Amino acid sequence: MAPRIKFTKEELIEAALTVVRKSGIEALTARELAAHLHVSPRPIFTHYDSMDDLKHDVYERAKQEYRTYIENGLKAPVPFLGVGKQYIRFAKEEPELYRLLFLTKPDSALGGAMEALAFSQELVRESVMNIYHMDAHAADCYFRDLWLIAFSFATLIVTDDCPYTDEEMAAVFSEISLSICKAYKEIPGLPEGKYDKDALFQDLVGK
């Protein structure tokens, strides 16, 4: 008689996510996961051919956790600012999952920062288009620019080197958001890179 499977695939993913939350993706080995479950490594490979396959599912689960934060941000009175705050909150509350999604070099199992950026853009694109009256391309560029600011703050947070308060970070978000929105509205061709940069700068510095 074949041995009874002790854990479902879902239970293995949850256990692996717990390991990653505690110690990072580098700590997710068959031995470490087995120790966490108090079993031998054998049951793990009942569901997975390799640890890379399991890491892929953990990565997808981390994306689901991140999605929840972003969707909560979109419910805020100012959705885009809400998304920025939730992004920072995710970095504070889930630093290892943030590292996994945004600071891990891509390989066969993991996507890296650019994939995470694209995933984020898909989540917020419609909201940005509707609220700020932008087309899809401008909305993606607008989000990209603000995401780079959020990425900088969040990276400072997860590396324990952020000197800014929540209020100070929110103020920077507002300043940059207003500046970019105004520029996109008043400078034709800016999102597409089709504008006279030199002429605009000469006009600005001359005021």
(request) Could you check, for the stretch 198-207, whether at least one of its residues is under 19 Å from Val128 (Cβ atoms) and surrounded by fewer than 10 Cβ atoms within 10 Å (Cβ to Cβ)? (result) no
(request) Go over the candidates Ala150, Ala76, Ala118 one by one and state the one that is over 16 Å from Ile25 (Cβ atoms) and open to solvent by less than 20 Å² (accessible area, probe 1.4 Å). (result) Ala150
(message) Give all pairs with beta carbons closer than 9 Å in which a residue from the stretch 19-45 that is free of Cβ contacts under 8 Å to residues at least 60 places away in the same chain meets a residue that is among the aromatic types (Phe, Trp, Tyr) and in a helix (DSSP H, G or I); count only pairs at least 6 apart in sequence or on separate chains.
(response) Ala30/Phe45
(request) Would you be able to tell me the number of residues in the stretch 18-64 that are in a loop (DSSP other than H, G, I, E, B), out of contact with any Lys or Arg (no Cβ under 6 Å at 6 or more places or on another chain) and over 23 Å from Met114 (Cβ atoms)? (result) 9
(request) Could you identify the single residue in Phe173, Phe143, Phe102, Phe153 that is under 30 Å from Ser50 (Cβ atoms) and aromatic (Phe, Trp, Tyr)? (result) Phe102
(request) Just one of (1) more than 17 Å from Val78 (Cβ to Cβ); (2) open to solvent by less than 50 Å² (accessible area, probe 1.4 Å); (3) of a type in the set (Val, Ile, Thr) trips up Val128, so point out which. (result) (1)
(request) Could you list all residues from the stretch 131-147 that are outside any helix (DSSP H, G or I) and open to solvent by 70 Å² or more (accessible area, probe 1.4 Å)? (result) His133, Asp135
(message) Being part of a loop (DSSP other than H, G, I, E, B), in contact (Cβ under 8 Å) with a residue 24 or more places away in the chain and within 23 Å of the chain's Cα centre (by Cα) is true for just one of Pro191, Pro163. Which residue is that?
(response) Pro191
(message) Of all residues being open to solvent by 20 Å² or more (accessible area, probe 1.4 Å) and outside any helix (DSSP H, G or I) in the stretch 79-115, which is farthest from Met169 (Cα to Cα)? Just the residue, please.
(response) Ser108
(message) So Lys182 passes all but one of these: (1) assigned to a loop (DSSP other than H, G, I, E, B); (2) surrounded by fewer than 19 Cβ atoms within 10 Å (Cβ to Cβ). Which condition number does it fail?
(response) (1)
(request) Within the stretch 152-176, work out how many residues are at pLDDT 90 or above and closer than 18 Å to Ala139 by Cα. (result) 2
(request) Hey, could you check the stretch 39-73 for residues that are of a type in the set (S, T, N, Q) and over 26 Å from the mean Cα position of the chain (by Cα) and say which is farthest from Glu26 (Cα to Cα)? (result) Thr46
(request) Please tell me if Lys105 is at pLDDT 85 or above and under 28 Å from Pro163 (Cα atoms). (result) no
(message) Residues that are of a type in the set (Asp, Glu) and in contact (Cβ under 8 Å) with a residue 24 or more places away in the chain: does the stretch 166-178 have at least one?
(response) yes
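The values are calculated or read from the model by the stated rules, or taken from the named source; none is laboratory data. These numbers were taken from a predicted model, which means no experiment stands behind them. Heads up, the Cβs are rebuilt from the backbone with ideal geometry, glycines too, and the neighbour counts pull from every protein chain shown. These accessible areas exclude ligands, DNA and RNA; they are computed on the full protein's heavy atoms, side chains included. Shrake-Rupley method; radii C 1.70, N 1.55, O 1.52, S 1.80 Å.
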